[in-house]
Amino acid sequence: MKCFITGGSGFVGSNLITRLIEEGHEVLAMARSKESADKVKNLGATPISVDMKETDRLAADLEGCSAVFHLASATDFWKGYEYVYNINVDGTEKLIEAAKKAKVPKFIYISTAAIILRGKPVYNADETLSFSGLPGGNYRKTKILAEKIVEKNNSETFQTVILRPPLVWGKGSVIKLLIEATRENKLAWFNQGRYQIPISHVKNLCHAILLAYQKGRAGEMYYIIDQNHVEWREFLTSILATQGLEPPRKSMNRSMALAMGYVLPIFWKIMRKQGPPPIDAEMIHMQGTEYTISDKKAREELGYEDIISLEEGLEELKSGF
């Protein structure tokens with residue numbers, strides 16, 4: 001298979017490239033900087049430098065591809081709605097336009113399970129759960145708008161599949177930032193961290209992405225999670241232990257943290273401070289809300305199963321992040 005990946009220099013993308021190359025596939029990966037191009041090249045992929053808006057040029061690069069794996073998204077949601085919308089929504093639309101011009105038959109879109117988080121706990125959610133309105137927050141809102149574009153473009157000749165993973169973990173994941181915050185004594189729990197969440201190890205997710213290409217039904221969406229849900233406090237404590245770190249002792253009331261999360265980004269913008277604010281409401285909604293998911297559909301229709309366990313994933317982390 002010849003395929004094209006966006007977000008190839010990122011955490012999930014680099015793992016997916018590795019898996020594809022190991023299986024003998026030809027991989028093209030979008031790279032917007034020299035650093036990204038060097039990284040995907042070192043992984044064995046061919047870097048492609050083109051702006052998403054240049055659909056004719058992009059279509060030429062996509063000629064002969066059997067699939068597009070769209071992983072790239074704007075996660076620095078604190079930069080504002082327009083910025084996030086331009087990448088997550090407009091970028092997806094332009095990529096689909098180019099892929100259709102190039103007659104690519106399959107388009108796999110990696111969304112997020114966080115779409116279902118609306119401020120309250122959600123239990124045993126599956127693909128039938130739907131909402132009448134959009135979620136709050138730049139990231140969750142734009143990801144569901146992008147999903148709608150993907151769904152709208154599904155056809156017999158351009159088959160789309162959507163995957164919704166929750167928190168993706170493993171070597172090099174966003175959890176690295178939490179480890180750094182712990183070392184600097186800047187990390188605190190929300191409500192002591194005593195709530196259940198789903199997780200997805202990056203190797204399990206990459207396995208599911210390939211299954212979605214091979215077996216995913218056109219126009220369908222699938223939740224992809226590890227077999228067992230975890231309590232956030234226990235999970236993060238176990239990860240910190242692999243690095244010889246003690247868990248934080250501080251804890252914030254979730255409601256109070258949310259209030260701060262709405263105000264601080266405004267202050268950050270007014271003061272023109274660089275980098276993300278120390279706390280953001282969307283981050284709290286996504287990391288501090290209890291929810292559980294059923295991935296029965298993926299396990300039955302795709303034949304998805306965990307290829308790495310929680311214990312094996314933690315063991316891998318002992319060699320460093």
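The values are calculated or read from the model by the stated rules, or taken from the named source; none is laboratory data. Keep in mind that this is a model prediction, so the values were computed, not measured. Glycine also receives a Cβ, built like all others from the backbone with ideal geometry; neighbour counts cover every protein chain displayed.
Just a few scattered comments:
- The number of residues in region 117-139 being surrounded by fewer than 22 Cβ atoms within 10 Å (Cβ to Cβ) and within 14 Å of the chain's Cα centre (by Cα) comes to 0.
- Remark: pairs (first residue in region 309-321, in a helix (DSSP H, G or I); second residue crowded, with 16+ Cβ neighbours inside 10 Å; Cβ separation under 6 Å; 6+ apart in sequence or on different chains) = G313/H201; L314/S238; L314/T242; L317/T242.
- Hits in region 58-76 - residues which are loosely packed, with under 15 Cβ neighbours inside 10 Å and either free of Cβ contacts under 8 Å to residues at least 24 places away in the same chain or within 14 Å of E97 (Cα to Cα) (or both): A60, E63
- Flag for T242 being among the hydroxyl-bearing types (S, T, Y), modelled with pLDDT of 90 or more and surrounded by fewer than 18 Cβ atoms within 10 Å (Cβ to Cβ): yes
- Unique match (being of a type outside the set (G, A, S) and in a strand (DSSP E or B)) among Y213, Y262, Y222: Y222
- Restricting region 90-133 to residues that are at positive phi and out of contact with any strand residue (DSSP E or B) (no Cβ under 7 Å at 6 or more places or on another chain), the residue that is modelled with the lowest pLDDT: G119
- Among the numbered conditions (1) basic (K, R); (2) farther than 30 Å from I149 by Cα; (3) touching a residue at least 12 places away in the same chain (Cβ under 8 Å); (4) assigned to a loop (DSSP other than H, G, I, E, B), the only one that R249 does not meet is (3).
- Residue match in region 82-91 (condition: assigned to a loop (DSSP other than H, G, I, E, B) and either small (G, A, S) or under 15 Å from the mean Cα position of the chain (by Cα) (or both)): no
- Subset of region 185-210 [within 30 Å of E300 (Cα to Cα) and assigned to a loop (DSSP other than H, G, I, E, B)]: Y195, P198
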